[in-house]
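Here is the structure we will look at.
The values are calculated or read from the model by the stated rules, or taken from the named source; none is laboratory data. Quantities reported herein were computed from a predicted structural model and do not represent experimental measurements. Every residue, glycine among them, receives a Cβ derived from its backbone with ideal geometry; neighbour counts consider all protein chains shown. Heads up: the accessible areas ignore ligands, DNA and RNA and are worked out on the full protein's heavy atoms, side chains in. Shrake-Rupley method; radii C 1.70, N 1.55, O 1.52, S 1.80 Å.
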Amino acid sequence: MSAGQTVAVFGAYGHTGRFVVAELLDRGFVPLLVGRDADKLQAMAYAHPGLAYRVASADDPAALDKALTDAVAVINTAGPFASTATAVIEAALRAGMPYVDVAAEIEANADTFANFADRAREADVAVVPAMAFYGGLGDLLVTLAMRDWTTADEAQIAYGLSSWHPTGGTIASGAVSHDRRNGRRVRFTGGRLDYYAADGDLPTVDWDFPAPLGRRSVFSEFTMADVVTVPSHLPIPEVRTYMTTKAARDLAAPDAQAPTAVDDSGRSDQTFTVDVVVRTGDERRRVVAGGQDIYAVSAPLAVEALDRILTGRIRRTGVASAGEIFDAADFLDAMSAYLTVDVLS
């Protein structure tokens, strides 16, 4: 363990940032609260006596450098990541420290792989994007399902969410992604990201989730960050993600409400099932994970990743997704307090 070390949390006062700060404290780290809003940082520091805070924004490199002073690593929880990831990664590389983020934005994650692969490798620094519910968890589950397979024809990741009450950050990130795509949709097919003109509603199919969820209507081509993380290290030409129609409609509702806490940890009553199927020819392998609150579970995913980086339990440095840089089976075992994981076939 790396207890006692100072970890900067950029966007610490945001919804997911607060979960990350709590998880760091539970593990004995010392969170350093970083963000652009001095009043929110001060209020959060008041709620956590003894924690320091520093004001910095993504468009001020000097302030970012000063904010990261004395930290050993940084976790970026501040979306839209199209606006923050590049700047915070640049600051982490200048400081020679590991970087982890919880980005679910497809383009922001693709930019991280495209723009920092060489520099992070040369600096011998670990940079792990999408180390969260979307992108990181799916990648770990696909990697676990693959086992001894070196290639597969297809990976399918179906998200069975009981509901999806989005945070302000989720809504803002979605708007940025929509603008970057100029109204087009995106999928991963033929071994590449494919942007195509939207034509009507997304197609729906029925997906047979394991009990107790059972058969549910899902939107196919509801594309999430797994289409960046999985193909970054696994030669799978078709990566498809699905979302329960109810959750997708919650997200898109004009009066969408933010998550409401139902316990002392701040978790909502949202539950999730992530059903992963990889296929080679006629053979299929399936792994299923379940838990509560997609935002809350992103915190232990990110902090576990950071702890493994700081203690040298990684396969390499540079830019890498969760399934490539970590031992997927061992990582998921370490998440047993937060996730159930079942290998079904």
**Prompt:** Residues of segment 195-228 being among the basic types (Lys, Arg) and in contact (Cβ under 8 Å) with a residue 40 or more places away in the chain, which ones?
**Reply:** Arg216
**Prompt:** Mind checking which residues of segment 14-32 are surrounded by 24 or more Cβ atoms within 10 Å (Cβ to Cβ), more than 16 Å from the chain's Cα centre (by Cα) and either more than 14 Å from Ala47 (Cα to Cα) or hydroxyl-bearing (Ser, Thr, Tyr) (or both)?
**Reply:** Leu24, Phe29
**Message:** From the list Ala67, Ala3, Ala71, exactly one residue is under 25 Å from Val319 (Cα atoms), touching a strand residue (DSSP E or B) at 6+ places or on another chain (Cβ under 6 Å), surrounded by fewer than 24 Cβ atoms within 10 Å (Cβ to Cβ) and of a type in the set (A, V, I, L, M, F, W, C). Which is it?
**Reply:** Ala71
**Asked** If you check Ala12 against the conditions, is it touching a strand residue (DSSP E or B) at 6+ places or on another chain (Cβ under 8 Å), within 16 Å of Ala305 (Cβ to Cβ) and of a type outside the set (D, E, K, R)?
**Response** no
**Message:** For segment 280-325, give me the residue count where each residue is assigned to a strand (DSSP E or B) and in contact (Cβ under 8 Å) with a residue 40 or more places away in the chain.
**Reply:** 11
**Request:** Please verify whether segment 119-126 includes one or more residues that are β-branched (Val, Ile, Thr), more than 15 Å from the chain's Cα centre (by Cα) and closer than 22 Å to Val9 by Cα.
**Result:** yes
**Message:** Anything in segment 19-72 that is among the aliphatic types (A, V, I, L, M), in a helix (DSSP H, G or I) and farther than 25 Å from Pro300 by Cβ? List them, or say none.
**Reply:** Ala38, Ala62, Ala63, Leu64
**Candidate set from segment 174-197 (those that are closer than 18 Å to Ala103 by Cα and touching a Phe, Trp or Tyr at 6+ places or on another chain (Cβ under 7 Å)); member that is modelled with the highest pLDDT** = Val186
**Message:** Condition first: out of contact with any strand residue (DSSP E or B) (no Cβ under 7 Å at 6 or more places or on another chain) and either among the small types (Gly, Ala, Ser) or in contact (Cβ under 8 Å) with a residue 24 or more places away in the chain (or both). Now tell me which residues in segment 45-61 satisfy that.
**Reply:** Ala47, His48, Gly50, Ser57, Ala58, Asp59, Pro61
**Fill in**
Residue hits (segment 140-167; within 16 Å of the chain's Cα centre (by Cα), closer than 21 Å to Gly214 by Cβ and outside any strand (DSSP E or B)) are Leu141, Trp164
**Request:** Could you list, in sequence order, all residues of segment 265-323 that are among the acidic types (Asp, Glu), open to solvent by less than 10 Å² (accessible area, probe 1.4 Å) and closer than 23 Å to Val72 by Cα?
**Result:** Asp307
**Number of positions in segment 176-194 that are in a helix (DSSP H, G or I) and without any contact (Cβ under 8 Å) to a residue 40 or more places away in the chain** = 2
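What about Ala3, is it over 20 Å from the mean Cα position of the chain (by Cα) and at pLDDT below 95?
So Ala3 fits the description; yes.
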**Asked** Residue check, Asp60 against (1) under 20 Å from Glu23 (Cβ atoms); (2) over 22 Å from the mean Cα position of the chain (by Cα), all met but one. Which one?
**Response** (1)
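Which of the residues belonging to segment 97-120 are in a loop (DSSP other than H, G, I, E, B) and either open to solvent by 50 Å² or more (accessible area, probe 1.4 Å) or in contact (Cβ under 8 Å) with a residue 60 or more places away in the chain (or both)?
Initially, segment 97-120 is screened for residues in a loop (DSSP other than H, G, I, E, B), giving 97-98, 102-105.
Of everything in segment 97-120, those that are in a loop (DSSP other than H, G, I, E, B) and either open to solvent by 50 Å² or more (accessible area, probe 1.4 Å) or in contact (Cβ under 8 Å) with a residue 60 or more places away in the chain (or both) turn out to be Pro98, Val102, Ala103, Ala104, Glu105.
Against the definition (buried (at least 24 other Cβ atoms within 10 Å of the Cβ), in contact with an Asp or Glu (Cβ under 7 Å, 6 or more places away or on another chain) and modelled with pLDDT of 95 or more), how does Ile157 come out, yes or no?
Yes: the conditions hold for Ile157.
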**Residues being assigned to a loop (DSSP other than H, G, I, E, B), touching a Gly at 6+ places or on another chain (Cβ under 8 Å) and under 22 Å from Phe188 (Cα atoms) - total across segment 121-139** = 2
